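J.: The following block contains the structure, expressed as structure tokens.
The values are calculated or read from the model by the stated rules, or taken from the named source; none is laboratory data. The model shown is predicted, which means the values in this text are computed figures rather than measured ones. Because the Cβ atoms are built from the backbone with ideal geometry, glycine has one as well, and the counts that use them run over all protein chains shown.
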Amino acid sequence: MGAGMKKLINRPEDAVREALEGVATAHGDRLRVHSGPNYIVRADAPVRGKVALVSGGGSGHEPMHGGFVGLGMLDAACPGEVFTCPTPDQMLAATKAVDGGAGVLHIVKNYTGDVMNFEMAAELAQDEGIAVEPVVIDDDVAVKDSLYTAGRRGVGATVLAEKICGAAAEQRRPLAEVAGLCRKVNANARSMGVALTSCTVPMAGKPTFELGADEMEVGVGIHGEPGRERRALAPAHEIVEELASAILDDLPFTRGDEVLAFVNGMGGTPLMELYVVYNELHKLLGGRGISVTRNLVGSYITALDMAGCSITLLRLDDELTALWDAPVNTTGLRWGV
Amino acid sequence: MSETVTQEDVGAWMRAFAKAVAANREYLTDLDAAIGDADHGSNMDRGMKAVVGKLDALGEPEESGESAAGAAGAVGALLKTVGMTLVSTVGGAAGPLYGTLFLDMGKAAGGAEELTVARWAAVLKAGVEGVQARGKAELGDKTMIDALVPATEALRVAALSGRSLADALQGAAAAAEQGMKATIPLVARKGRASYLGERSAGHQDPGATSSWLLMQAAAEALAPGAPSARPGT
């Protein structure tokens, strides 16, 4: 283990496998964990006649995605190595394991590796006669979306899309409609994050980036990628003002909108601080005539031990609200059951 | 040395590349930490260790070149095995990109048991074109393409001018090195580094660096006497 790295692990190279074994041991009643290739499926998969939802990404973002497998959300999740997207053989095996005959939605966060690996997996699954529709989530306003970048990153909206599309699939809506809803969530959601510390990848053994004791990285990504700017740490109300303004101006959200406000912890920030942030966000939105009709506060899409948070706002209508309220039973999100 | 590339040569090349990746694991990861997500070294090392495992299982000789076992076997088949192994073990962007490189080289090599320099240059070109189609990167986007395209071009020209295999591979490695170094001032337009915009300038691209190691490994394994790859040179 690298000098200065303090983690509750055995050997860095075993951490992902041992964590998956822990998930299998803890939640064997609801989930099945397959190894070689690695994927997590709901215990009752495949569900006949239901569109199946498959997502995946690097490990280190827990509870995303494995914690969102279950009734009303994902059918399968493919965990990669830490901060490394999973491979096409995992996605193919997961897709085959959950296909209930109604097709499979791949929910893909917009990172170069994720997009290419899911693309190869979709080609392989289609070769085997499974209908696959991929939707790419790209909600992070910190990143400029242009021809000269890989485009916006997929962050907090992924959690909301998985919940809402999972509910639609439980209602036996067809693949094209569930995929359409996924794009609708993505089109109406925007996010931005801030880091107060770096994170440490177990295999690297040292912090991914250096951040001074009195500095913060505004617009940070969920792998510790740098964002818009590095500047002096500010009080919570100023940080919320900066993140929320960037989000509101981008869509743009306007007076009279109803939103779901999602304050997400990056892994190393106490829930108390997330509620301080939520309180500021609620006040700010109220002041701009935007009403928060649903909320989610907690650490759902994390970056290992990074301290910091992200804010995601999703513009709601009756359809999205009803799907958000529908029952969900996963280890990460649970209500209505 | 022989003037053709055989399945055994591909095995030796892969073993040399695996050694180079292992020796440069920290270096690749440090380069990636500067403009990416600090996993390129460990991902490539995991993938190449799996490739070596596959080679061992296939009964390839332990060390390059000296085996009397003969070189029979389709070059394309081994290249495809390497590609599938990388696709399923590397992850990240490098998995599908390096996987596609070898899968498409394998398709181009087909069932041939030995390839001339000219044919080998065409095989490499097919693989590199596959990488470009998968990743949609152009020359100058600060990616592995910036090392692979010049190497491919150098190999093609060397074959046309009738140079020996050893000379051609050394020329390709030198071109890859030049292309790799030329990524330093570039602003990234693809992959995670592109999120940094101007802040990506001043850093050498980790993908171009592993691609240089790949070309260097070919020169080392198939053209004895070539200088070894050292980190940071």
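J.: Mind listing just one residue for me: the one in the stretch A:248-292 that is under 20 Å from A:Lys184 (Cβ atoms) and surrounded by fewer than 13 Cβ atoms within 10 Å (Cβ to Cβ) and, of those, nearest to the chain's Cα centre (by Cα)?
T.: A:Pro252
J.: Scan the stretch B:154-166 and report the pairs whose first residue is more than 12 Å from B:Arg119 (Cβ to Cβ) and whose second residue is surrounded by 13 or more Cβ atoms within 10 Å (Cβ to Cβ) and charged (D, E, K, R), with Cβ atoms within less than 9 Å and a gap of 6+ or a chain change.
T.: What qualifies is B:Val157/B:Arg163; B:Ala158/B:Asp167.
J.: Tell me, yes or no, whether the stretch A:258-271 has at least one residue that is without any contact (Cβ under 8 Å) to a residue 40 or more places away in the chain and either closer than 30 Å to A:Glu215 by Cα or out of contact with any strand residue (DSSP E or B) (no Cβ under 7 Å at 6 or more places or on another chain) (or both).
T.: yes
J.: Would you mind finding the one in A:Arg48, A:Arg32, A:Arg42 that is within 23 Å of A:Ala125 (Cα to Cα), in the same structural domain as A:Val98 (by TED's automatic domain parsing), exposed (fewer than 13 other Cβ atoms within 10 Å of the Cβ) and at pLDDT 95 or above?
T.: Criteria check complete, one pass: A:Arg48.
J.: Are there helices (runs of 4 or more DSSP H) fully within the stretch B:1-72 with at least 1 residues that are at pLDDT 85 or above, in contact with a Lys or Arg (Cβ under 7 Å, 6 or more places away or on another chain) and surrounded by fewer than 23 Cβ atoms within 10 Å (Cβ to Cβ)? List them.
T.: By residue number, B:7-23, B:40-57.
J.: Let me ask another. Being outside any helix (DSSP H, G or I) and closer than 23 Å to A:Gly72 by Cβ, is that true of even one residue in the stretch A:269-288?
T.: no
J.: When the stretch B:93-141 is examined, which residues are found to be under 17 Å from the mean Cα position of the chain (by Cα) and polar (S, T, N, Q)?
T.: If the condition is that a residue be under 17 Å from the mean Cα position of the chain (by Cα) and polar (S, T, N, Q), then B:Thr100, B:Gln132 are the ones that fit.
J.: Another question about this same structure. I'd like to verify a number: residues in the stretch A:314-327 that are outside any helix (DSSP H, G or I) and either within 17 Å of A:Ala157 (Cα to Cα) or in the same structural domain as A:Arg30 (by TED's automatic domain parsing) (or both), how many? Give the derivation first.
T.: The initial filter retains those residues of the stretch A:314-327 that are outside any helix (DSSP H, G or I), namely A:314-317, A:326-327.
The next check asks that each one be either within 17 Å of A:Ala157 (Cα to Cα) or in the same structural domain as A:Arg30 (by TED's automatic domain parsing) (or both); those that pass are A:314-317.
Number satisfying all stated conditions: 4.
Quick grid of which residues meet (1) touching a strand residue (DSSP E or B) at 6+ places or on another chain (Cβ under 7 Å); (2) farther than 30 Å from B:Gly197 by Cα; (3) not β-branched (Val, Ile, Thr); (4) not in a helix (DSSP H, G or I):
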| residue | (1), (2), (3), (4) |
| --- | --- |
| B:Pro96 | no, no, yes, no |
| B:Gly99 | no, no, yes, no |
| B:Leu103 | no, yes, yes, no |
| B:Gly106 | no, yes, yes, no |
| B:Gly127 | no, no, yes, no |
| B:Ala133 | no, no, yes, no |
| B:Thr143 | no, no, no, yes |
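J.: Mind checking which strands (runs of 3 or more DSSP E) fall wholly inside the stretch A:63-172 and carry at least 3 residues that are surrounded by 24 or more Cβ atoms within 10 Å (Cβ to Cβ) and more than 14 Å from chain B (Cβ to nearest Cβ)?
T.: Where strands (runs of 3 or more DSSP E) fall fully within the stretch A:63-172 and carry at least 3 residues being surrounded by 24 or more Cβ atoms within 10 Å (Cβ to Cβ) and more than 14 Å from chain B (Cβ to nearest Cβ), they are A:104-109.
J.: I want to confirm something. Restricting to the stretch A:207-229 and keeping residues that are more than 10 Å from every other protein chain (Cβ to nearest Cβ) and not in a loop (DSSP other than H, G, I, E, B), which single residue is nearest to A:Arg153 (Cα to Cα)?
T.: The qualifying residue nearest to A:Arg153 (Cα to Cα) is A:Val218.
J.: Free of Cβ contacts under 8 Å to residues at least 60 places away in the same chain, within 11 Å of another protein chain (Cβ to nearest Cβ) and out of contact with any Asp or Glu (no Cβ under 9 Å at 6 or more places or on another chain): which single residue out of B:Asp30, B:Asp39 fits that description?
T.: After applying the criteria, what remains is B:Asp30.
J.: Just checking, which of A:Ala93, A:Ala76 is touching a helix residue (DSSP H, G or I) at 6+ places or on another chain (Cβ under 7 Å) and among the hydrophobic types (A, V, I, L, M, F, W, C)?
T.: Step by step, each of A:Ala93, A:Ala76 is checked, and only A:Ala76 is touching a helix residue (DSSP H, G or I) at 6+ places or on another chain (Cβ under 7 Å) and among the hydrophobic types (A, V, I, L, M, F, W, C).
J.: If you go through the stretch A:230-245, how many residues are assigned to a loop (DSSP other than H, G, I, E, B) and surrounded by 14 or more Cβ atoms within 10 Å (Cβ to Cβ)?
T.: Residues that pass the stated criteria total 2.
J.: Being at the interface with another protein chain (Cβ under 10 Å from one of its Cβ atoms) and under 19 Å from the mean Cα position of the chain (by Cα) is the filter here, so list the residues in the stretch B:191-208 that pass it.
T.: Once the filter is applied, which keeps residues that are at the interface with another protein chain (Cβ under 10 Å from one of its Cβ atoms) and under 19 Å from the mean Cα position of the chain (by Cα), the stretch B:191-208 yields only B:Gly191.
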